[in-house]
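Here is the structure we will look at.
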Amino acid sequence: MDWGQLAIKALISGAVIAAASELARRSPGWGGLIASLPLVSTLAMIWLWRDTGDGARVADFALSASLYVLASLPAFVLLALLLRKGLAFPTAMGAFMLAGWLGYWLMQTVGRRWGWPV
């Protein structure tokens, strides 16, 4: 493992996350848009291609990322609904994490049965 390349990957990826969170402080809509863009997935696919040159592996990664996005969507809706109902943030975040975990577990269970790369 080349530590220099790993540090560059971490800095670029961290900068994207920091930019999204800073933008969200000023405008939740724009911050949400940036966070919803597949920036992390795109960077990961670029790094994966650069490291392996394996198109099939990148394709499997892209499909599995898409499937996990679908699995996590209900958790985001749940978080928004709970917060709008006045539930305390830590409790709502706990429910969000549980719903996300359940979504991922369900996607793995069903996806493996159907031969998806999850």
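For the chain, the percent of C-alpha pairs falling in each 5 Å distance bin, counted from 0 to the bin holding the largest distance, reads 2, 10, 14, 16, 21, 17, 12, 6, 2, 0. Taking the longest Cα principal axis of the chain as reference, the axis of helix 55-84 is set at about 10 degrees. A viscosity of 1.567 mPa s and a temperature of 4 °C, combined with the Kirkwood radius over C-alpha pairs in the Stokes-Einstein formula, give region 9-57 a diffusion coefficient of 111 µm²/s. Compared with the alpha-carbon gap, the fully stretched path from Phe89 to Leu43 is longer by 13.5 nm at 0.36 nm per residue.
Kirkwood's formula applied to the C-alpha pairs of region 55-118 gives a hydrodynamic radius of 12.6 angstrom. Using a cutoff of 8 angstrom between alpha carbon atoms and counting only pairs six or more residues apart, the relative contact order for region 55-118 works out to 42 percent. Placing pseudo-labels 7 Å out from each Cα toward the beta carbon at Ala80 and Arg50 gives an inter-label distance of 3.4 nm. Rounded to the nearest 500, the 222 nm mean residue ellipticity of the chain from helices alone is -30000 deg cm²/dmol, with -39,500 (n - 2.57) taken per DSSP H run of at least 4 residues.
No lab work stands behind these numbers, since they all come straight from the coordinates. Just so we're clear, the structure is a prediction, and the values are computed from it rather than from any experiment. Positions of Cβ are generated from backbone atoms using ideal geometry, with glycine treated the same way; all protein chains shown enter the neighbour counts.
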